[in-house]
Each structure stands twice: as structure tokens, then as C-alpha cells.
1. Can you give the calculated 222 nm mean residue ellipticity of the chain, where each DSSP H run of n ≥ 4 adds -39,500 (n - 2.57) and the sum is split over every residue, rounded to the nearest 500 deg cm²/dmol?
2. For the stretch 58-154, what's the relative contact order in percent, using C-alpha pairs closer than 8 Å and at least 6 residues apart?
3. With 32 Å as the limit, write out which pairs from K29/K310; K29/K73; K53/K210; K73/K154 have Cα-Cα distances beyond it, or answer none.
4. R74 to R183: extension gain in nm, 0.36 nm per residue of separation minus the Cα-Cα distance?
5. Anyone know which of M119, M90, M297 comes out most mobile in the 10 Å Cα GNM of the chain?
6. In the chain, carbon and sulfur make up what percent of the accessible area (probe 1.4 Å)?
7. Is the shape of the chain rounded, prolate or oblate, going by the alpha carbon gyration tensor and its root eigenvalues a ≥ b ≥ c, with a/c under 1.5 for rounded and a/b larger than b/c for prolate?
8. So what is the relative contact order for the chain, in percent, with contacts set as C-alpha pairs under 8 Å and at least six apart?
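The values are calculated or read from the model by the stated rules, or taken from the named source; none is laboratory data. Worth saying up front: this structure is predicted, and the values here are computed from it rather than measured. Remember, those area values only see protein heavy atoms, side chains included, never the ligands or the DNA or RNA. Shrake-Rupley method; radii C 1.70, N 1.55, O 1.52, S 1.80 Å.
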Amino acid sequence: MEQNNYQGALQKKLNSGFNAASTAEEVIKGINLAGQTAIVTGGNTGIGLETVKTLAASGAHVIVPARDIVKAKRNLEGIENVTIEEMDLMQPESIHAFAQKFINTGRPLHLLINNAGIMWVPLRRDIRGYESQLATNYLALFQLTAGLWPALKKADGARVVNVSSGGHKFSDFNFEDPNFLNREYETLLGYGQSKTAVNLFSLEFDNRAKAYNVRSYSLCPGAVGETELSREAPIDLFQKLGFSDAEGNILPEVAASLKTIPQGAATSVWAATSPLLNHIGGVYCEHVDIAEINENMAVTGGIAPYSLDKSNAQKLWKLTEQLTGITFNVR
């Protein structure tokens, strides 16, 4: 009988041998990616950049789509096996153009790492009127994966790794008003539902794609210091979450708990390359292993049950096709 992860049937630790302190370089040791092609969104900064460095050092040719080409060239300078292409995740036409350009090369795509994301932003909308965190963190990911599907299938052993967040616990997916048209905007709710959507998509996509030897994973990289993710966050939000004092200074105990960028990239690299996952997919990972289900929203770690719900995953797929105008037939 075919296994799937609906309702978290496979959400059990594998005892990978790694932990929260493991680095990307450590988890890929001994793995040769020569001859493979990878695409890493958000690959010119933060954990995305570390992911690119690690995959390229292991022999993969890595393509980094970027909105700011000048910045990408500067940050990726000197790294071999890397190509930079133009793409803006807030512009559907840009995503289509990037995907079509790659498909036209006829090359297989072995690794797609949907790493790019935004957080703690004020209410913004894309040209379709969609809330920016939903558009960037999830709808763009869906469109890009759909556009690259022929190349993923051609690889005969591809993996799609979607960077989610423990922040999915901020909110289930709101099917009634996903774009905050009739409810008050709260940035953490927007972020939470966008990451819940990433988890539900990863679950459903894996179940549909595994027949073509394409597997999908979502993951939490952990709380990582020195990234650009919080660049627009107001000080009072950090205070509300208990991260900073009244002056906006990060509390020492919080700073001490943050992962380094190499540690933050480790789970992405592990999900993309680990032989332990050769016959399992649709799972949510953290700390370089499969995460466990955690029903307590007040306790960090693990995955909320609503992020693994079969009916919601299938309902979201249909809604996403309507929102994007893209029929994603996985066949």
C-alpha cells in the first residue's frame, strides 16, 4: 500500500544522527552532486546563500533567481558552479518567464529549493490584489513549482524543498478570507497562514508527484540570527513576542538560542540530499530530522496537525489554482 503523510502518518523522527547544532557542510559530507542542477530562490542572502554555497561545493550547478541582480552578483561573487537569473516573486509574469526559460533549455531539474520568503511586513498587495506574504511565500512557490514540473519529472529522482517556519503555528489557513479583504490585517496571521499553506502544498504535492519519482518536503530552519527576514519588523512586535526589551535590544537569552546561518541552512540541505529520505516524502522537517506532531500551540517545535490535514491540503490546491489561474496537473 502506498504511504502518504496525510494526518501526519509519517511524522516520526528518523534519528538522523544530526541535531539543531549541525551545519549544512556537516550534513552533506560524503554526498556528491556532480551532474545535478539545483534552483535556489532567495539564494543570494542568508540561509539561501549558505545553501547555494553548500550545494555548489558538492558539485551541483546552482541557478539563483533574483530580483536585484546587482546585489546577487555581489553576494555570490567567487562561488563556482552558480548562474544568476532574473525573477521577482511578487510578479507572476516574471516567475513564468524564468520557469519557461529553464524549460526551454531541455535540462532536467534535480533540486528545487523554494527558500525565499518575507515576514513581519505591513499590508501590501501584488498586482492581483493578493496579500504580499501569501503571494511571495506560497502562491509564487506554487507557480514556480508548476512551471518547472516538466524538468523535475525529467530528472527521475528530483526533490522539491519548501522552506516553511515554526511560525505556521500563528495561523491555520483562512479559506474564507486569505487576502484580508474583510478582516483586520495582522502581519503574524498573514505570515502564519502563508507557511501553513507551504506545509499543506508540500504534503499534497508529494502525494501527487511521487509516482514520477519527485518528492517534496517542508521544513523549519529554526530561529536564525543575522538574516534579512526581520528587516521591516517594528520594535514593538519583538517586544510583544518577548524577544527584546523596551529599547528594542534583543534579550541575551534569545540571542544565545539563535542558530548561525550554516546551522539554519542544514535542514534545507539535508532534506534536499539525505539518502534517509529516498523513500519518504510529504513530511515537515526541523533540526535536521523529521519533526514530530505538536498539538500545543504554546510550545515551540513540531508541526501543528492542521498543517497535515488531507481535506485542507486538497481544498487549498483547488483554491490556489483559482487564485493563480494555473491548472497544475501533476502527470
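1. Computed ellipticity for the chain at 222 nm equals -10000 deg cm²/dmol.
2. 28 percent
3. K29/K310
4. Contour length minus Cα-Cα distance gives 35.1 nm.
5. Greatest mean-square fluctuation among the candidates belongs to M297.
6. 50 percent
7. Rounded, since a/c falls under 1.5.
8. 24 percent.
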